[in-house]
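Below: one structure, written as C-alpha coordinates.
The values are calculated or read from the model by the stated rules, or taken from the named source; none is laboratory data. Bear in mind the structure is a predicted one, so any value in this text is a computation, not a measurement. Areas reflect the complete protein model, heavy atoms only, side chains present, ligands, DNA and RNA absent. Shrake-Rupley method; radii C 1.70, N 1.55, O 1.52, S 1.80 Å.
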Amino acid sequence: SQDDEYRWAGLEPPKVMVTTSRDPSARLRLFAKELCLLLPGARRMNRGRAELGALVAACRAAGVTDLLVLHETRGRPDGLTVSHLPHGPTAHFTLSGAVLRQEVGGLGGAPLAAPHLLLLRLDSTLGKRVGTILKHLFPVPRPDSRRVVTFANEDDVILVRWVTRGDAGTRTDLPLPQTPLTPPPHRNHVYRRRGRTVELEEVGPRFQLRPYLIRLGTLEQGDAADVEWRWHPYTATAPKRRLLSAT
(Lines give C-alpha, C1' and ligand atoms only; values in the text may rest on other atoms or scores of the structure.)
Protein backbone atom coordinates (compact mmCIF):
# COMPACT_ATOMS: atom_id res chain seq x y z
CA SER A 1 0.00 0.00 0.00
CA GLN A 2 1.02 3.64 -0.31
CA ASP A 3 1.87 3.85 3.40
CA ASP A 4 4.41 1.00 3.20
CA GLU A 5 7.12 3.69 3.05
CA TYR A 6 6.47 4.20 6.78
CA ARG A 7 6.10 0.58 7.89
CA TRP A 8 9.26 0.79 10.03
CA ALA A 9 8.50 4.25 11.39
CA GLY A 10 8.52 4.50 15.16
CA LEU A 11 11.06 1.73 15.69
CA GLU A 12 13.83 4.32 15.75
CA PRO A 13 13.72 8.11 15.98
CA PRO A 14 13.65 9.81 12.57
CA LYS A 15 16.78 11.56 11.32
CA VAL A 16 15.59 14.82 9.79
CA MET A 17 17.83 17.12 7.75
CA VAL A 18 16.75 20.73 7.09
CA THR A 19 18.27 22.81 4.32
CA THR A 20 17.32 25.71 2.06
CA SER A 21 17.36 26.77 -1.53
CA ARG A 22 20.64 28.21 -2.80
CA ASP A 23 21.89 31.58 -1.54
CA PRO A 24 19.35 31.85 1.28
CA SER A 25 18.61 35.15 2.93
CA ALA A 26 19.45 35.68 6.60
CA ARG A 27 15.75 35.34 7.46
CA LEU A 28 15.41 31.99 5.69
CA ARG A 29 18.52 30.70 7.46
CA LEU A 30 17.04 31.75 10.78
CA PHE A 31 13.71 30.16 9.93
CA ALA A 32 15.51 26.89 9.10
CA LYS A 33 17.23 27.07 12.48
CA GLU A 34 13.92 27.58 14.28
CA LEU A 35 12.32 24.74 12.32
CA CYS A 36 14.99 22.49 13.83
CA LEU A 37 13.73 23.55 17.27
CA LEU A 38 10.25 22.41 16.29
CA LEU A 39 11.52 19.01 15.06
CA PRO A 40 13.42 17.20 17.85
CA GLY A 41 16.79 15.94 16.70
CA ALA A 42 16.62 17.70 13.33
CA ARG A 43 19.89 19.01 11.91
CA ARG A 44 20.46 21.97 9.63
CA MET A 45 22.76 21.73 6.63
CA ASN A 46 24.13 24.60 4.60
CA ARG A 47 23.13 24.03 0.98
CA GLY A 48 26.06 25.76 -0.66
CA ARG A 49 26.19 24.90 -4.36
CA ALA A 50 25.15 21.27 -3.93
CA GLU A 51 22.88 19.80 -6.60
CA LEU A 52 19.75 17.98 -5.50
CA GLY A 53 21.14 14.61 -6.56
CA ALA A 54 24.27 15.04 -4.45
CA LEU A 55 22.20 16.39 -1.56
CA VAL A 56 19.86 13.39 -1.51
CA ALA A 57 22.75 10.93 -1.99
CA ALA A 58 24.60 12.41 0.99
CA CYS A 59 21.46 12.18 3.13
CA ARG A 60 20.90 8.55 2.16
CA ALA A 61 24.50 7.69 3.00
CA ALA A 62 24.11 9.35 6.41
CA GLY A 63 20.91 7.41 7.19
CA VAL A 64 18.67 10.49 7.01
CA THR A 65 14.98 9.54 6.94
CA ASP A 66 13.53 12.88 5.83
CA LEU A 67 14.98 15.81 3.89
CA LEU A 68 13.26 19.18 4.27
CA VAL A 69 14.03 22.00 1.83
CA LEU A 70 12.84 25.55 2.52
CA HIS A 71 12.26 28.04 -0.28
CA GLU A 72 11.78 31.80 -0.35
CA THR A 73 10.85 34.76 -2.52
CA ARG A 74 12.57 38.08 -1.80
CA GLY A 75 13.52 37.00 1.70
CA ARG A 76 10.05 35.67 2.57
CA PRO A 77 9.78 31.92 3.29
CA ASP A 78 7.12 30.62 0.91
CA GLY A 79 7.72 26.92 0.28
CA LEU A 80 8.54 23.64 2.01
CA THR A 81 9.41 20.30 0.42
CA VAL A 82 9.40 17.14 2.54
CA SER A 83 11.12 14.13 0.95
CA HIS A 84 11.01 10.81 2.80
CA LEU A 85 14.08 8.66 2.26
CA PRO A 86 15.16 6.32 0.86
CA HIS A 87 12.23 5.82 -1.55
CA GLY A 88 9.71 8.63 -1.04
CA PRO A 89 7.10 10.06 -1.00
CA THR A 90 7.87 13.74 -1.58
CA ALA A 91 5.31 16.37 -0.57
CA HIS A 92 5.41 19.99 -1.72
CA PHE A 93 3.75 22.75 0.31
CA THR A 94 3.30 26.46 -0.07
CA LEU A 95 4.32 28.15 3.17
CA SER A 96 2.84 31.40 4.42
CA GLY A 97 2.48 33.50 7.53
CA ALA A 98 5.93 32.66 8.87
CA VAL A 99 6.61 34.49 12.14
CA LEU A 100 9.94 33.83 13.81
CA ARG A 101 10.43 33.49 17.54
CA GLN A 102 12.47 36.66 17.72
CA GLU A 103 9.65 38.52 15.94
CA VAL A 104 7.12 37.39 18.54
CA GLY A 105 9.26 38.64 21.42
CA GLY A 106 9.13 37.88 25.11
CA LEU A 107 9.52 34.13 24.70
CA GLY A 108 11.33 31.77 27.00
CA GLY A 109 13.53 28.88 26.01
CA ALA A 110 12.25 26.34 23.53
CA PRO A 111 11.77 22.85 25.04
CA LEU A 112 13.47 20.10 23.06
CA ALA A 113 11.56 17.00 24.19
CA ALA A 114 9.65 14.95 21.64
CA PRO A 115 6.09 16.34 21.41
CA HIS A 116 2.71 14.74 21.34
CA LEU A 117 0.95 15.44 18.03
CA LEU A 118 -2.55 16.68 17.32
CA LEU A 119 -3.80 16.26 13.74
CA LEU A 120 -7.01 18.24 13.58
CA ARG A 121 -9.50 17.83 10.72
CA LEU A 122 -7.08 15.85 8.56
CA ASP A 123 -9.52 12.98 8.13
CA SER A 124 -10.06 12.64 4.37
CA THR A 125 -7.94 10.19 2.37
CA LEU A 126 -5.65 13.04 1.29
CA GLY A 127 -5.68 14.54 4.78
CA LYS A 128 -4.60 11.25 6.34
CA ARG A 129 -1.83 10.90 3.76
CA VAL A 130 -0.52 14.40 4.49
CA GLY A 131 -0.83 13.73 8.22
CA THR A 132 1.23 10.55 7.85
CA ILE A 133 3.99 12.45 6.04
CA LEU A 134 4.10 15.17 8.70
CA LYS A 135 3.76 13.08 11.84
CA HIS A 136 6.67 10.82 10.93
CA LEU A 137 9.01 13.81 11.13
CA PHE A 138 8.69 13.47 14.91
CA PRO A 139 9.96 10.74 17.28
CA VAL A 140 7.61 8.85 19.58
CA PRO A 141 7.15 11.02 22.70
CA ARG A 142 7.39 10.01 26.33
CA PRO A 143 4.01 9.88 28.06
CA ASP A 144 5.00 12.79 30.31
CA SER A 145 6.24 15.01 27.48
CA ARG A 146 5.47 18.69 28.08
CA ARG A 147 5.14 19.53 24.38
CA VAL A 148 2.29 19.32 21.89
CA VAL A 149 2.60 20.22 18.20
CA THR A 150 -0.67 20.83 16.37
CA PHE A 151 -1.36 20.51 12.64
CA ALA A 152 -4.81 22.06 12.34
CA ASN A 153 -6.60 22.10 9.01
CA GLU A 154 -8.70 25.17 8.29
CA ASP A 155 -10.09 25.41 4.75
CA ASP A 156 -7.28 23.19 3.41
CA VAL A 157 -4.58 25.31 5.05
CA ILE A 158 -2.60 23.48 7.75
CA LEU A 159 -1.79 25.75 10.67
CA VAL A 160 1.34 24.55 12.47
CA ARG A 161 1.35 25.40 16.17
CA TRP A 162 3.50 24.43 19.14
CA VAL A 163 2.20 23.86 22.68
CA THR A 164 3.89 22.80 25.90
CA ARG A 165 3.04 22.77 29.59
CA GLY A 166 3.91 25.92 31.46
CA ASP A 167 5.44 26.37 34.87
CA ALA A 168 5.19 29.20 37.35
CA GLY A 169 5.21 32.50 35.57
CA THR A 170 3.16 31.29 32.62
CA ARG A 171 1.55 34.18 30.78
CA THR A 172 -2.22 34.47 31.25
CA ASP A 173 -3.00 37.23 28.76
CA LEU A 174 -3.65 34.84 25.86
CA PRO A 175 -7.05 33.37 24.88
CA LEU A 176 -7.99 30.00 26.33
CA PRO A 177 -9.04 27.09 24.14
CA GLN A 178 -12.69 26.08 24.17
CA THR A 179 -11.75 22.47 25.00
CA PRO A 180 -9.08 21.64 27.61
CA LEU A 181 -5.80 20.39 26.15
CA THR A 182 -6.88 21.34 22.61
CA PRO A 183 -4.76 24.38 21.61
CA PRO A 184 -6.12 27.13 19.38
CA PRO A 185 -4.79 26.70 15.86
CA HIS A 186 -3.24 30.12 15.32
CA ARG A 187 -0.21 30.17 17.62
CA ASN A 188 2.38 28.03 19.37
CA HIS A 189 1.89 28.04 23.12
CA VAL A 190 2.88 26.78 26.51
CA TYR A 191 -0.12 25.45 28.42
CA ARG A 192 -0.93 24.52 32.01
CA ARG A 193 -4.08 22.84 33.27
CA ARG A 194 -5.82 24.73 36.06
CA GLY A 195 -9.09 23.04 36.85
CA ARG A 196 -11.20 23.16 33.68
CA THR A 197 -9.17 25.90 32.04
CA VAL A 198 -5.77 26.11 30.36
CA GLU A 199 -3.25 28.91 30.57
CA LEU A 200 -1.23 29.49 27.41
CA GLU A 201 2.13 30.94 26.51
CA GLU A 202 3.31 31.29 22.95
CA VAL A 203 6.46 29.40 21.91
CA GLY A 204 6.87 30.05 18.16
CA PRO A 205 7.60 29.93 15.31
CA ARG A 206 4.24 30.21 13.52
CA PHE A 207 3.51 29.27 9.93
CA GLN A 208 0.92 27.74 7.63
CA LEU A 209 1.17 25.01 5.01
CA ARG A 210 -0.94 24.20 1.96
CA PRO A 211 -0.09 21.01 0.03
CA TYR A 212 -0.10 21.23 -3.76
CA LEU A 213 1.83 18.15 -4.95
CA ILE A 214 2.71 14.66 -3.70
CA ARG A 215 5.05 12.42 -5.71
CA LEU A 216 5.84 8.79 -4.98
CA GLY A 217 9.59 9.18 -5.53
CA THR A 218 12.30 11.23 -3.87
CA LEU A 219 13.20 14.86 -4.46
CA GLU A 220 15.98 14.44 -7.00
CA GLN A 221 13.75 12.35 -9.30
CA GLY A 222 11.68 15.43 -10.11
CA ASP A 223 9.17 14.97 -12.92
CA ALA A 224 10.29 11.36 -13.43
CA ALA A 225 8.52 10.35 -10.21
CA ASP A 226 4.84 9.36 -10.42
CA VAL A 227 2.34 11.94 -9.24
CA GLU A 228 0.17 10.65 -6.41
CA TRP A 229 -1.86 13.85 -6.03
CA ARG A 230 -1.76 17.33 -7.50
CA TRP A 231 -3.77 20.45 -6.77
CA HIS A 232 -5.52 21.80 -9.86
CA PRO A 233 -6.64 25.41 -10.34
CA TYR A 234 -10.21 24.37 -11.07
CA THR A 235 -10.39 23.06 -7.50
CA ALA A 236 -10.88 26.67 -6.41
CA THR A 237 -14.17 26.84 -8.33
CA ALA A 238 -15.76 24.52 -5.79
CA PRO A 239 -15.62 26.60 -2.59
CA LYS A 240 -17.60 24.06 -0.54
CA ARG A 241 -15.25 21.20 -1.41
CA ARG A 242 -12.75 20.25 1.27
CA LEU A 243 -9.70 18.25 0.26
CA LEU A 244 -8.03 17.58 3.60
CA SER A 245 -11.12 16.97 5.75
CA ALA A 246 -13.99 14.55 5.27
CA THR A 247 -16.59 17.19 6.12
Determine how large the accessible area of CYS36 is when every protein chain is in place; take a 1.4 Å probe and give Å² rounded to the nearest 10. 20
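Determine one quarter of the surface area of the Cα convex hull of region 43-106, which equals its mean projected area, and express it in nm² to one decimal. Spell out each step's value before the answer.
On the way: hull surface 22.3 nm².
Orientation-averaged projected area of the Cα hull: 5.6 nm².
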Rounded to 5, percent antiparallel among DSSP beta bridges of region 1-155: 50
For region 11-139, list log₁₀ I(q)/I(0) at each q in 0.09, 0.15, 0.17, 0.19 Å⁻¹, using the Debye formula over Cα point scatterers of equal strength and ignoring solvent, two decimals each. -0.26, -0.76, -0.99, -1.22
Would you kindly give the portion of the calculated P(r) for region 77-161 that falls above 15 Å, as a percent of all Cα pairs? 67
How much accessible area does TYR212 have with a 1.4 Å probe, in Å² rounded to the nearest 10? 90
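Keeping every protein chain in place, order SER83, SER96, SER21 by accessible area at 1.4 Å, biggest value first, i.e. largest first. Please report the intermediate quantities before stating the final value.
Numbers: SER83 0, SER96 45, SER21 25 Å².
Ranked from most to least accessible, the order is SER96, SER21, SER83.
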